Amino acid sequence: MTIRRIFSGALFATILVGCATAPSDERISAEAGAMLKASFKARGQAGLDRLDQDDTQRLCSELAGRTPSKEVADRIEKQNLATIKYPVDGKLSGDWKNGERIAQEGRGKQYSDDPKGPVGGNCYACHQLAPQEVAYGTIGPSLYRFGKLRGYAVEIERYAYAKIFNSEAFAACSMMPRFGHNGILSEQQIKDVTALLMDPASPVNQ
Amino acid sequence: MSRKRRDVLKSGGGVTLLALVAAAGWLRPGDAAAQAWNKAAFDTRNIGETMKALGGGDPVQSKDIVFFQTPDIAENGAVVPVGITSNIPKTESIAVLIEKNPNMLAAVFDIPAGTEPSISTRVKMGQSSNIYALVKADGKYFVAAKDVKVTLGGCGG
Amino acid sequence: MADPMKIRASVAGESTEVKVLMSHEMETGQRKDGQGAVIPAWFIQTVTVTHGGNTVLAAQWGPAVSKNPFLSFKFKGGAKGDKVTITWVDNRGDKRTDEATIA
Amino acid sequence: MPGWRKRIGGLRWVAALAAAVCVGAGPASAQTSATDEIAKYRAALQDGNPAELWEARGEGLWKELRGPRKVSLEQCDLGLGAGVVTGAYARLPKYFADADRVMDLETRVVWCMVKLQGFSEADAKRNPFGSGNDKKSDIEALVAYITGESRGVKMNVALAHPKEIEMYRVGEKLFYYRGGPHDFGCVTCHNADNQRIRLQDLPNLTKVEGAQKAYTTWPAYRVSQGELRTFQWRLNDCFRQQRFPELEFGSDVSIALTMFLAKNANGAAFDGPAIKR
């Protein structure tokens, strides 16, 4: 049973009894917005500005977990594609060993974290990568043999870099953070994670 | 079984064992002096030192020591359940050692006559490591090992 | 003063099972606080369980025993209504004794 | 010399044991069995839950004469009438007319500490999440005791009062609200079946089964912290990991989300305080 069904049941019952007029969805959204502002306090590096949504976050939140329509998806992907900055030196891959450390590191940007770092990508929280690490999550697809399966072509490397930089450019309302766009990882860190995926010597491709 | 363990500790682990055990203060059940804490043993940093401090020689690997409720993978190293049963006759004590902890010895349980040679507790592990169950029975030392992997948590702690 | 232990003792056949939870930090002495100062070691060192005046288990613990320790074991000779008494002493000399009735 | 021989001997048997335990533990088998092994780990912990230590302390605090007025909390109305503790948690959050507000258990306990015992609100809320022996939280202990008195009782949260309905609907909105540098929301981790973060299973909180399993097992003793944690703590720490600012204790956002999840858990028997990683 989905939650939506239970709720519509409850709402229906309420209407039957006739004791309340259900507030509109807009009013509930406004209520939620006001509540957010009143319920959080700035702490450490996390200021209250983090509660403000950009266009992508707002559109994806409004979907309430549903897949975006083609129109919304196109809008989100187009906007985000425009944000991607490729390295000026033209090198897309760095050092996979650093990439592995970044993939393991879960800290960064929490109010409890030191603003001076470290900041990681926490890739293993959601993805399988090197087979030696058994504690991987499954929110995202397995990336084991990412390069080996797709080939080590520069287009694939470019896609990997761009996807890490801004995932919303390729899959609207993806659960994956926009590591470059939102300044979570540096250009060098994104290069290193790209190497973890694309270097033939990386444990990911063994 | 006699409550005076010293009388039982004759043959077995070598001539010096009796003296070592007495000096190290290996637990003697039913004896008030047993409640002195064996600092030397808990300060040791490797198995050789621990064995020396506990007064034992090289322990014999034994299939009669069984781990129960001890997972292959611990979701958190702060609490790792360890259960140890000794099926070796005349088991006098059971010790829990963690190979890669800064101090190896975690706990020693003295098993008086009438108490089942089986204990269950929980220990901390700094990293994936072997857990050793060291059993003293009839004055001799026996050991079994179990490899326990400690995993990392999720969202960055 | 430390919080009381939570002790359960129950007899089945000739075997009495004792399960105990103790409230204790079991600080290792290897952790540092927010200012980088070492938090001093603080842990239970000895545990004694008695039944009818006899020691049924004696333990020595190091700081590697988990926080809020749990211990379980069985002994023979207990009967319903008997008392089981448990005492721990920590490295600061703090001590706590609690008893439970065998069910 | 005997000492030297002994040391060598010691190393030899250590090596032999290490070799023995490594057999058959290749990476492939370790991977496939990891989830099963974690399940065994969790099962082994069920034997003795240190949450009982909090329950015992909380019962003492509930009955003790405390605060400026030196009265106990035994006349506190948790929703089923003054002094009724058994089963109360299974019906929370709910609208309380005396406060004209929807309240969860923690907020209600604070209310009673203020109204009955005469604590200032600031004092009552001062330490919602304990830390070690020097900073034990009375609220966590009280919550452990009160929730323990609903163990086995079926969750039965009502959406009767308009404010309860509104809280539920706002909670649903908040569940899907994505923000912060990582674009995270509750929905990021709790919108699909059979997912895990690292090795931890993530309940799908948009399904009845998932909401039931998750909600009925908080509060819980967290072995990673050696502390008993309440649902307020669970939400607070989720937002920290979402990279949001700090969720205030007893805030309306916390109550709205609690309402959303508690109501979705209706029908399942409450099974806390539990023990978790």
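The values are calculated or read from the model by the stated rules, or taken from the named source; none is laboratory data. Just so you know, these numbers come straight off a predicted model, no measurement behind them. Ideal geometry is used to build each Cβ from the backbone, glycine not excepted, and the neighbour counts take in all protein chains shown. Ligands, DNA and RNA are stripped out before the accessible areas are found, and what is left, the full protein with its side chains, is counted by its heavy atoms. Shrake-Rupley method; radii C 1.70, N 1.55, O 1.52, S 1.80 Å.
Would you check if C:K67 is more than 14 Å from chain D (Cβ to nearest Cβ) and under 26 Å from B:I84 (Cα atoms)?
Numbers: more than 14 Å from chain D (Cβ to nearest Cβ): no; under 26 Å from B:I84 (Cα atoms): yes.
No; evaluated as a whole, the condition is false for this residue.
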The condition from (1) of a type in the set (D, E, K, R); (2) more than 30 Å from A:M35 (Cα to Cα); (3) at pLDDT below 95 that D:R126 misses is numbered (2)
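From the list D:R101, D:R66, D:R108, pick out the single residue that is charged (D, E, K, R) and open to solvent by less than 10 Å² (accessible area, probe 1.4 Å). So that I can check it myself, show each step before the final result.
Numbers: D:R101 fails: open to solvent by less than 10 Å² (accessible area, probe 1.4 Å); D:R66 fails: open to solvent by less than 10 Å² (accessible area, probe 1.4 Å).
Result: D:R108 is the single residue among D:R101, D:R66, D:R108 that is charged (D, E, K, R) and open to solvent by less than 10 Å² (accessible area, probe 1.4 Å).
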Expected output for the stretch A:58-83 (first residue within 14 Å of chain D (Cβ to nearest Cβ), partner of a type in the set (D, E), Cβ below 6 Å, 6+ apart or cross-chain) is A:I76/A:E168; A:N80/A:E168
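Scan the stretch A:120-168 for residues that are among the charged types (D, E, K, R) and within 14 Å of chain B (Cβ to nearest Cβ) and jot them down. I'd like the intermediate steps shown before the answer.
Here is the first cut: in the stretch A:120-168, the ones among the charged types (D, E, K, R) are A:133, A:145, A:148, A:150, A:155, A:157-158, A:163, A:168.
A:E133, the sole residue that qualifies.
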### Query
Does C:P63 meet the test of being under 11 Å from the mean Cα position of the chain (by Cα) and either surrounded by 15 or more Cβ atoms within 10 Å (Cβ to Cβ) or not hydrophobic (A, V, I, L, M, F, W, C) (or both)?
no
All-but-one check, B:G56 against (1) at pLDDT 85 or above; (2) assigned to a loop (DSSP other than H, G, I, E, B); (3) surrounded by 19 or more Cβ atoms within 10 Å (Cβ to Cβ); (4) not charged (D, E, K, R), failing number (1)
- Query: Quick check, is A:P141 more than 23 Å from A:D49 (Cα to Cα) and surrounded by fewer than 17 Cβ atoms within 10 Å (Cβ to Cβ)?
  - Reply: yes
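Is it fair to say C:N91 is out of contact with any Pro (no Cβ under 8 Å at 6 or more places or on another chain) and either surrounded by fewer than 24 Cβ atoms within 10 Å (Cβ to Cβ) or more than 14 Å from chain D (Cβ to nearest Cβ) (or both)? First the steps, then the outcome.
Numbers: out of contact with any Pro (no Cβ under 8 Å at 6 or more places or on another chain): yes; either surrounded by fewer than 24 Cβ atoms within 10 Å (Cβ to Cβ) or more than 14 Å from chain D (Cβ to nearest Cβ) (or both): yes.
Yes, satisfied.
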Apart from one, (1) facing another protein chain (nearest Cβ under 7 Å); (2) part of a strand (DSSP E or B); (3) of a type outside the set (V, I, T); (4) touching a residue at least 60 places away in the same chain (Cβ under 8 Å) all hold for B:P71; the odd one out is (2)
Quick count over the stretch D:137-154, residues being farther than 10 Å from D:L61 by Cβ and open to solvent by 10 Å² or more (accessible area, probe 1.4 Å), is 6
Picked from the stretch D:129-160 (must be within 14 Å of chain A (Cβ to nearest Cβ) and modelled with pLDDT of 95 or more), the residue farthest from C:D33 (Cα to Cα) is D:A160
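Suppose the filter is open to solvent by 10 Å² or more (accessible area, probe 1.4 Å), away from chain A (no Cβ under 14 Å), of a type in the set (F, W, Y) and part of a strand (DSSP E or B); does B:F109 pass it?
Values: open to solvent by 10 Å² or more (accessible area, probe 1.4 Å): no; away from chain A (no Cβ under 14 Å): yes; of a type in the set (F, W, Y): yes; part of a strand (DSSP E or B): yes.
For B:F109, the condition - open to solvent by 10 Å² or more (accessible area, probe 1.4 Å), away from chain A (no Cβ under 14 Å), of a type in the set (F, W, Y) and part of a strand (DSSP E or B) - is not met.
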ask   = Mind checking whether some residue in the stretch A:178-187 is more than 14 Å from chain D (Cβ to nearest Cβ) and either over 19 Å from A:C126 (Cβ atoms) or touching a residue at least 40 places away in the same chain (Cβ under 8 Å) (or both)?
value = yes
Given (1) in a helix (DSSP H, G or I); (2) in contact with a helix residue (DSSP H, G or I) (Cβ under 6 Å, 6 or more places away or on another chain); (3) open to solvent by less than 30 Å² (accessible area, probe 1.4 Å), A:L129 misses just (1)
All-but-one check, C:I86 against (1) open to solvent by less than 10 Å² (accessible area, probe 1.4 Å); (2) touching a His at 6+ places or on another chain (Cβ under 7 Å), failing number (2)
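Here are some residues: C:K19, C:K6, C:K32, C:K74. Which one is more than 10 Å from every other protein chain (Cβ to nearest Cβ) and open to solvent by 30 Å² or more (accessible area, probe 1.4 Å)? Give the derivation first.
Details: C:K19 fails: more than 10 Å from every other protein chain (Cβ to nearest Cβ); C:K6 fails: more than 10 Å from every other protein chain (Cβ to nearest Cβ); C:K74 fails: more than 10 Å from every other protein chain (Cβ to nearest Cβ).
It is C:K32.
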Taking the stretch D:155-169 and keeping only residues that are crowded, with 20+ Cβ neighbours inside 10 Å and either assigned to a loop (DSSP other than H, G, I, E, B) or in contact with an Asp or Glu (Cβ under 6 Å, 6 or more places away or on another chain) (or both), one is left with D:M155, D:V157, D:L159
Of the residues in the stretch B:118-152 that are hydroxyl-bearing (S, T, Y) and farther than 20 Å from B:K52 by Cβ, the one that is farthest from the chain's Cα centre (by Cα) is B:T151
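Mind checking whether some residue in the stretch B:121-139 is assigned to a loop (DSSP other than H, G, I, E, B), farther than 20 Å from B:A78 by Cβ, open to solvent by less than 10 Å² (accessible area, probe 1.4 Å) and more than 7 Å from every other protein chain (Cβ to nearest Cβ)? Outline the logic, then answer.
Quick first cut of the stretch B:121-139, residues assigned to a loop (DSSP other than H, G, I, E, B) only: B:124-128, B:138-139.
Filter once more, keeping what is farther than 20 Å from B:A78 by Cβ: B:138-139.
From the residues that got through so far, the ones that are open to solvent by less than 10 Å² (accessible area, probe 1.4 Å) too are B:139.
From the residues that got through so far, the ones that are more than 7 Å from every other protein chain (Cβ to nearest Cβ) too are B:139.
Among the residues of the stretch B:121-139, at least one is assigned to a loop (DSSP other than H, G, I, E, B), farther than 20 Å from B:A78 by Cβ, open to solvent by less than 10 Å² (accessible area, probe 1.4 Å) and more than 7 Å from every other protein chain (Cβ to nearest Cβ), which makes the answer yes.
Yes or no, residue by residue, for (1) hydrophobic (A, V, I, L, M, F, W, C); (2) modelled with pLDDT under 95:
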residue	(1), (2)
A:L36	yes, no
A:S39	no, no
A:A42	yes, no
A:R50	no, no
A:L59	yes, no
A:S69	no, no
A:L81	yes, no
A:G90	no, yes
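Would you confirm whether any residue within the stretch D:69-76 is open to solvent by less than 10 Å² (accessible area, probe 1.4 Å), in contact (Cβ under 8 Å) with a residue 24 or more places away in the chain and over 21 Å from the mean Cα position of the chain (by Cα)?
Pass one, the stretch D:69-76, residues open to solvent by less than 10 Å² (accessible area, probe 1.4 Å): D:73, D:76.
From what's left, in contact (Cβ under 8 Å) with a residue 24 or more places away in the chain: D:73, D:76.
Subsequent filtering for residues that are over 21 Å from the mean Cα position of the chain (by Cα) retains D:73, D:76.
Yes, because at least one residue in the stretch D:69-76 is open to solvent by less than 10 Å² (accessible area, probe 1.4 Å), in contact (Cβ under 8 Å) with a residue 24 or more places away in the chain and over 21 Å from the mean Cα position of the chain (by Cα).
Just give me the residues in the stretch D:35-51 being open to solvent by less than 30 Å² (accessible area, probe 1.4 Å) and either in contact (Cβ under 8 Å) with a residue 40 or more places away in the chain or in a helix (DSSP H, G or I) (or both), in sequence order.
If we filter the stretch D:35-51 for residues that are open to solvent by less than 30 Å² (accessible area, probe 1.4 Å), which is where we start, we get D:37-38, D:41, D:44-45, D:48-51.
Once the filter is applied, which keeps residues that are open to solvent by less than 30 Å² (accessible area, probe 1.4 Å) and either in contact (Cβ under 8 Å) with a residue 40 or more places away in the chain or in a helix (DSSP H, G or I) (or both), the stretch D:35-51 yields D:E37, D:I38, D:Y41, D:A44, D:L45, D:N49, D:P50, D:A51.
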Checked D:K94, D:K115, D:K125 against criteria (open to solvent by 20 Å² or more (accessible area, probe 1.4 Å) and either among the polar types (S, T, N, Q) or in contact with a Phe, Trp or Tyr (Cβ under 9 Å, 6 or more places away or on another chain) (or both)); the one match is D:K125
Given (1) open to solvent by 10 Å² or more (accessible area, probe 1.4 Å); (2) part of a loop (DSSP other than H, G, I, E, B), D:E55 misses just (2)
Just one listed residue, out of A:C123, A:C60, is open to solvent by 20 Å² or more (accessible area, probe 1.4 Å) and not acidic (D, E), and it is A:C123
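If I filter the stretch A:34-46 for residues that are facing another protein chain (nearest Cβ under 10 Å), under 17 Å from the mean Cα position of the chain (by Cα), in a helix (DSSP H, G or I) and closer than 25 Å to D:K207 by Cα, do I get at least one hit?
Going through the stretch A:34-46, the residues facing another protein chain (nearest Cβ under 10 Å) turn out to be A:34-46.
Narrowing the set further to residues that are under 17 Å from the mean Cα position of the chain (by Cα) leaves none.
There is no residue in the stretch A:34-46 that is facing another protein chain (nearest Cβ under 10 Å), under 17 Å from the mean Cα position of the chain (by Cα), in a helix (DSSP H, G or I) and closer than 25 Å to D:K207 by Cα.
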Taking the stretch A:65-103 and the residues there that are in contact with a Gly (Cβ under 9 Å, 6 or more places away or on another chain) and β-branched (V, I, T), the one that is surrounded by the fewest Cβ atoms within 10 Å (Cβ to Cβ) would be A:T83
